[in-house]
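All remarks here apply to the structure that follows.
The values are calculated or read from the model by the stated rules, or taken from the named source; none is laboratory data. None of the values given here were measured: they were computed from a predicted structure. Positions of Cβ are backbone-derived with ideal geometry, glycine not excepted, and every protein chain shown enters the neighbour counts.
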Amino acid sequence: MLKKYLIAWWKALRPFSLSVALIPTTYGSILAWTEGKFNWLIFFLVILGGVLLQAGTNLVNDYFEFKQGLVEDKANLNLSFSARDPIEKFIFLSGLFCFIIVIPLGLYFIYLKGITIFILGVIGLWGGYAYTGKPFVYKKKGLGPLLVFFLMGNLMVFGSYYMQTGYLSWLPWLASIPICLLTSLLLISNELRDIKKDAAKGIKTMSVRLGEKKSITIFKMILIITYLSQIMLIKFNIFSSLSLFTIIIIPLAFRLLKLIKTNRKKLVFKTAHFHMYYGLILIFTKLLTQFIL
């Protein structure tokens, strides 16, 4: 019985996607480090908070979208919590538990840095729950890719940067643009995978609203714009030329374009890998720049 719960929980957690939180929180702290501001305890606590927020989002999302498949076509039945399967209840409560753990971390952050972190924390918690959580469900409003650009990109990079430095700056907002774009790309890969099923169930994601052809075009454009934005950031001295090591994963980008046609389930995993590899290259080249230049 316990094994069954753990397998379902692990599937709902989607650990491959946790890099979506790990990369921006790490990157924001590295940006602060390049300015001579860095605290190891804050670094680890911010990463923990970001990963818990992402984990909670995944688990709650799984509950609201009935992904366990324990009852056929439940998504249209609007079942109450008491009517749900025990495994689904466990997944939902574990998601809420992740959010609850974030609260004392957030209070500690507020104690250290003040009202700005409180505002960021409230927005982050709301965004994590409201993606598929009632009554908001901004996924069904077609706002998913746009909001995760901000919530899982800009907000996380700036939040971790601010926790280290304690001051406002445009640097993390601008430097996070490629990561933001790839976060949106990952969500679009999810939408493309589920586009037929979502359309049949009346779940009007951005991809359902725009249609498959336009969504694929947007997917391709984001890949191109990610690299173009990086070149612009190099031109304005926000990135160093070393960051162009990201070109080594261009073959993976071409593979993503192939997977759109051949295997969309695998597309999601590989897009997550692309996001992670790209982010890691930015992090390591940023560190390397400090020692070389």
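Is segment 19-30 home to any residue that is among the aromatic types (Phe, Trp, Tyr), surrounded by fewer than 18 Cβ atoms within 10 Å (Cβ to Cβ) and modelled with pLDDT of 85 or more? No. Here no helices (runs of 4 or more DSSP H) wholly within segment 142-191 include at least 2 residues being among the aromatic types (Phe, Trp, Tyr) and at positive phi. When PHE269, PHE254 are checked against the criterion of being over 18 Å from GLY28 (Cα atoms) and free of Cβ contacts under 8 Å to residues at least 12 places away in the same chain, PHE254 stands alone in meeting it.
Number of residues in segment 163-205 that are farther than 19 Å from ALA272 by Cα and aliphatic (A, V, I, L, M) equals 8. For segment 225-234, indicate whether the set of residues that are within 23 Å of ASN58 (Cβ to Cβ), in a helix (DSSP H, G or I) and of a type in the set (A, V, I, L, M) is non-empty. No, segment 225-234 contains no residue that is within 23 Å of ASN58 (Cβ to Cβ), in a helix (DSSP H, G or I) and of a type in the set (A, V, I, L, M).
In this entry, THR205 passes the filter for residues that are among the polar types (S, T, N, Q) and within 20 Å of the chain's Cα centre (by Cα).
The set of residues from segment 230-254 being more than 18 Å from PHE284 (Cβ to Cβ) and surrounded by 16 or more Cβ atoms within 10 Å (Cβ to Cβ) comprises just one member, ALA253. Looking for something out of contact with any helix residue (DSSP H, G or I) (no Cβ under 7 Å at 6 or more places or on another chain), in a loop (DSSP other than H, G, I, E, B) and of a type in the set (S, T, N, Q) - is there at least one such residue anywhere in segment 240-252? There is no residue in segment 240-252 that is out of contact with any helix residue (DSSP H, G or I) (no Cβ under 7 Å at 6 or more places or on another chain), in a loop (DSSP other than H, G, I, E, B) and of a type in the set (S, T, N, Q). Scanning segment 251-289 for residues that are over 21 Å from the mean Cα position of the chain (by Cα), of a type in the set (Val, Ile, Thr) and over 18 Å from GLU191 (Cβ atoms) returns THR285, THR289. Looking only at residues in segment 118-163 that are closer than 18 Å to PHE99 by Cα and touching a Lys or Arg at 6+ places or on another chain (Cβ under 7 Å), the one that is surrounded by the fewest Cβ atoms within 10 Å (Cβ to Cβ) is THR132. Could you go through segment 208-224 and let me know if any residue there is touching a His at 6+ places or on another chain (Cβ under 9 Å) and modelled with pLDDT of 95 or more. Scanning segment 208-224, I find no residue that is touching a His at 6+ places or on another chain (Cβ under 9 Å) and modelled with pLDDT of 95 or more, so the answer is no. Within segment 215-236, residues that are touching a residue at least 12 places away in the same chain (Cβ under 8 Å) reach partners that are crowded, with 17+ Cβ neighbours inside 10 Å and part of a loop (DSSP other than H, G, I, E, B) with beta carbons closer than 8 Å, at six or more positions or on different chains, in the pairs GLN230/PHE239; LEU233/PHE239.
Is it the case that segment 41-48 has a residue that's under 30 Å from ASN237 (Cα atoms), buried (at least 19 other Cβ atoms within 10 Å of the Cβ), touching a His at 6+ places or on another chain (Cβ under 8 Å) and not basic (Lys, Arg)? No, segment 41-48 contains no residue that is under 30 Å from ASN237 (Cα atoms), buried (at least 19 other Cβ atoms within 10 Å of the Cβ), touching a His at 6+ places or on another chain (Cβ under 8 Å) and not basic (Lys, Arg). Filtering segment 192-213 to residues that are out of contact with any helix residue (DSSP H, G or I) (no Cβ under 7 Å at 6 or more places or on another chain), part of a loop (DSSP other than H, G, I, E, B) and either under 16 Å from ASN61 (Cα atoms) or of a type in the set (D, E, K, R) (or both) leaves ILE203, LYS204.
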